[in-house]
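Student: If you scroll down you'll find the structure; I have some questions about it.
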Amino acid sequence: KTFLIENELYFNSRNDLYADIPFLVRLYNLVEIIQQTTTKLYYKSIHNDPINEPSTSQIEREDRQLKRVQAFNESIQESTNDIIIKKVKKAAINYYLYKIVTQSTFKDSFKEILPIYKELSQVLQTGSEPINVRKRHRPEVSNIKKGNFKTAYFFSRSRLIAYDTSRFVKPKKTRYRQKSIQKHIFSKFPIKKRTILYESFLGRNYSDSPKAIFNHLLQQEPNKWRHVWVLNDKELIKDNPEFQHSNVKVITRFSWQYFYYVTIAKYFILNMRQPNYLEKKQDQVILSTWHGTPLKHLVFDMNNVTSANKQYKKIFYEQSRKWDYLIADNKYSEDIFVSAFMYPRENILTYGYPRNDILINHTIEDQQEIKQRLGIPLDKKVILYAPTWRDDEFHSVGNYKFTLRLNLERLREELGNEYVIILRMHYFISDVLDLSDYEGFAFDYSKYNDINHLYIISDLLITDYSSVFFDYANLKRPILFYTYDLAKYKDELRGFYIDVQKDLPGPLLYTSEEVIDRIKNIKSVMYEYEEKYKLFYDQYCALDDGNASKRVVEKVIDS
């Protein structure tokens, strides 16, 4: 600090974005040796919320590129060291060649880039040893130095067009071609007003609220709409009668057909997020059904995002601005979506979840049919075990260290005469799950297409920190919470919207023996939690009356 004060080293407030560059150069002017080290002496923190609390580097400014080039120019004018001058000149020209030129706005206007050229010209005219520039870049650099800015702009645009063309024709650049065609060709096509595109869990499933809305429309007006489903595995629906209709089509996510239909469909109904680069037309309607009542903190309610893209919140914000409507299952979810997604309340449809209609409307015959199809004994009660995914189950890419903490051997010994158990694990885990020793008692349906079918045939649910219990509560059947690692998860539980230790409609259990005991005495459990269950149901399930799909269609889909 004393060194800085004595030498009057400070950040110049004129350049509020890149004052650090000339500051460092002035510092370098005062030292004889700059020691390089591999030891980390400085940590840069990425601001967690670039929308509400952006750092200086995250603020979107039209003059950002100009400010950076001005900082390079100021640094060179103040430097007395030829080596530093050469390095700054190299940094400035590389910034132009590899950053400025590659921005989508570069080709739009020479006038906008002119102030940058003037600054760069001064940088390049400063005396120093020659800087090495690749042969293909020399016409650009030399013309900037000479002040022939229009000529330099011509060479840069030509290089960029040649580069884009090269990327377009390369066999491995299919996605780039698709984006380009979607943006420049498909986007010019008129909207197909009777076409609806559906996507559930990024094309992995035929399930959830998009499925419920699709089925409702197909039943009410079977021939009115052109239905297009995004499904990566057509085997999921090969025997499904809905897909025998001539007006129902299946496409693969990120296929050429996907880019076509996502551009020309009047309605896009999905339960996760669409790619941010997809162009949305003004008269298109995107309906986000979302995929569950929130339990863990989401997006802008998260204090720290460590496992996702550092731009996660910004990207989510941009994607969700393209949604015309967002469905909430209850007032609790509506309030969270306003906070966590920064989504306008007036566009939230708090109608109940369409996917839960089947939980209200199913029949005994439906239960029997699903049991028979899945090979579940008709004379046995069913336990559904659906725990959440735990980060510590990940070991390395494609390798998961997983141990089932529910003792299936003891469950079979104590409950096997009356019950069977269905396991619904995270799909990462299901590949390493071996139930061969429990044939006839334990069934792995982790990859089964529609979890609602598993809810319907289950007599009780065992879960932990998974939000599945919000939906299951619609059935008013027992829920047990097997929280064997509650002590370990206490810190994480602070990131939950509800108090897991107080608000759940069932007991917290810590051992397999406790689970067995409570199942044996399940009627007393229901009696014990009757009042708490009723309060829970009234808060989270009251709108799920079997008609949510109808309400959504009447609001969103034009008649």
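The values are calculated or read from the model by the stated rules, or taken from the named source; none is laboratory data. Fair warning: this is a prediction, and the values are worked out from it, not measured in the lab. Cβ atoms come from the backbone with ideal geometry, glycine included; neighbour counts cover every protein chain shown.
Student: Pairs, please: C-beta under 7 Å, at least 6 apart or cross-chain, first residue at pLDDT below 95 and in region 498-523, second assigned to a helix (DSSP H, G or I) and surrounded by 15 or more Cβ atoms within 10 Å (Cβ to Cβ)?
Tutor: Every condition considered, the pairs that remain are V500/L493.
Student: For region 247-280, which residues satisfy the criterion of being among the hydroxyl-bearing types (S, T, Y) and either within 27 Å of E221 (Cα to Cα) or buried (at least 18 other Cβ atoms within 10 Å of the Cβ) (or both)? Explain how you work it out, then say what you get.
Tutor: If we filter region 247-280 for residues that are among the hydroxyl-bearing types (S, T, Y), which is where we start, we get 252, 255, 258, 260-261, 263, 267, 277.
Once the filter is applied, which keeps residues that are among the hydroxyl-bearing types (S, T, Y) and either within 27 Å of E221 (Cα to Cα) or buried (at least 18 other Cβ atoms within 10 Å of the Cβ) (or both), region 247-280 yields T252, Y258, Y260, Y261, T263, Y267.
Student: Applying the selection to region 127-154, what residues are out of contact with any Asp or Glu (no Cβ under 8 Å at 6 or more places or on another chain), surrounded by 18 or more Cβ atoms within 10 Å (Cβ to Cβ) and assigned to a loop (DSSP other than H, G, I, E, B)?
Tutor: Scanning region 127-154 gives no hits.
Student: Restricting the search to region 92-117, which residues are exposed (fewer than 15 other Cβ atoms within 10 Å of the Cβ), in contact (Cβ under 8 Å) with a residue 12 or more places away in the chain and not hydroxyl-bearing (S, T, Y)? Outline the logic, then answer.
Tutor: Of region 92-117, the ones exposed (fewer than 15 other Cβ atoms within 10 Å of the Cβ) are 94, 98-99, 102-105, 108-109, 111-112, 114-115.
Imposing the further condition that a residue be in contact (Cβ under 8 Å) with a residue 12 or more places away in the chain reduces the set to 99, 102-103, 114-115.
Those that are exposed (fewer than 15 other Cβ atoms within 10 Å of the Cβ), in contact (Cβ under 8 Å) with a residue 12 or more places away in the chain and not hydroxyl-bearing (S, T, Y): K99, Q103, L114, P115.
Student: Looking at (1) among the charged types (D, E, K, R); (2) over 22 Å from Y448 (Cα atoms); (3) free of Cβ contacts under 8 Å to residues at least 40 places away in the same chain, which is the only condition K249 fails?
Tutor: With (1) among the charged types (D, E, K, R); (2) over 22 Å from Y448 (Cα atoms); (3) free of Cβ contacts under 8 Å to residues at least 40 places away in the same chain applied to K249, the lone miss is (2).
Student: Kindly establish whether N240 is modelled with pLDDT under 95 and either surrounded by 20 or more Cβ atoms within 10 Å (Cβ to Cβ) or small (G, A, S) (or both).
Tutor: no
Student: Given the condition more than 23 Å from K523 (Cα to Cα), of a type outside the set (S, T, N, Q) and modelled with pLDDT of 95 or more, answer yes or no: does some residue in region 456-469 qualify? Walk me through how you get there before you give the answer.
Tutor: Taking region 456-469 as the starting set, the residues that turn out to be more than 23 Å from K523 (Cα to Cα) are 465-467.
Next, from what is left, pick out any that are of a type outside the set (S, T, N, Q): 465.
Then keep just the ones that are modelled with pLDDT of 95 or more; that gives none.
Within region 456-469, none of the residues are more than 23 Å from K523 (Cα to Cα), of a type outside the set (S, T, N, Q) and modelled with pLDDT of 95 or more.
Student: Conditions: (1) at pLDDT below 95; (2) more than 24 Å from the chain's Cα centre (by Cα). Q182 meets all but one. Number of the miss?
Tutor: Single failed check for Q182: (2).
Student: So, L461, is that one in a strand (DSSP E or B) and in contact (Cβ under 8 Å) with a residue 60 or more places away in the chain or not?
Tutor: yes
Student: Scan region 499-549 for residues that are among the polar types (S, T, N, Q), farther than 16 Å from Y472 by Cβ and under 33 Å from the mean Cα position of the chain (by Cα) and jot them down.
Tutor: Q501, N547, S549
Student: A follow-up question, please. Looking at the structure I just gave you, is E129 among the acidic types (D, E) and in contact with a helix residue (DSSP H, G or I) (Cβ under 7 Å, 6 or more places away or on another chain)?
Tutor: On the way: among the acidic types (D, E): yes; in contact with a helix residue (DSSP H, G or I) (Cβ under 7 Å, 6 or more places away or on another chain): yes.
When the stated conditions are applied, E129 passes them.
Student: Would you check which residues across region 474-500 are touching a strand residue (DSSP E or B) at 6+ places or on another chain (Cβ under 7 Å) and either within 23 Å of H297 (Cα to Cα) or assigned to a strand (DSSP E or B) (or both) and list them?
Tutor: Start the filter on region 474-500 by keeping residues that are touching a strand residue (DSSP E or B) at 6+ places or on another chain (Cβ under 7 Å), which leaves 477-483, 486, 495-496.
Matches in region 474-500: I479, L480, F481, Y482, T483, L486, G495, F496.
Student: Just to confirm my filter: which helices (runs of 4 or more DSSP H) fall fully inside region 1-110 and include at least 1 residues that are touching a Phe, Trp or Tyr at 6+ places or on another chain (Cβ under 6 Å)?
Tutor: On the way: elements: 2-6, 20-29, 64-78, 82-95.
Because the criterion is at least 1 residues that are touching a Phe, Trp or Tyr at 6+ places or on another chain (Cβ under 6 Å), the helices (runs of 4 or more DSSP H) in region 1-110 that meet it are 20-29, 64-78, 82-95.
Student: As an exercise: evaluate V248 against (1) over 21 Å from the mean Cα position of the chain (by Cα); (2) among the β-branched types (V, I, T); (3) closer than 23 Å to F337 by Cβ and give the number of the one condition it does not meet.
Tutor: Failing condition for V248: (3).
Student: How about region 509-559: which helices (runs of 4 or more DSSP H) wholly inside it have at least 3 residues that are surrounded by fewer than 14 Cβ atoms within 10 Å (Cβ to Cβ) and among the hydrophobic types (A, V, I, L, M, F, W, C)? Even if it seems obvious, please write down each step before you answer.
Tutor: On the way: elements: 512-520, 522-528, 530-540, 548-556.
Qualifying helices (runs of 4 or more DSSP H): none found.
Yes or no, residue by residue, for (1) surrounded by fewer than 13 Cβ atoms within 10 Å (Cβ to Cβ); (2) of a type outside the set (S, T, N, Q); (3) touching a strand residue (DSSP E or B) at 6+ places or on another chain (Cβ under 8 Å):
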{"residue": "S166", "(1), (2), (3)": "yes, no, no"}
{"residue": "P171", "(1), (2), (3)": "yes, yes, no"}
{"residue": "P190", "(1), (2), (3)": "yes, yes, no"}
{"residue": "N205", "(1), (2), (3)": "no, no, no"}
{"residue": "S209", "(1), (2), (3)": "no, no, yes"}
{"residue": "I213", "(1), (2), (3)": "no, yes, yes"}
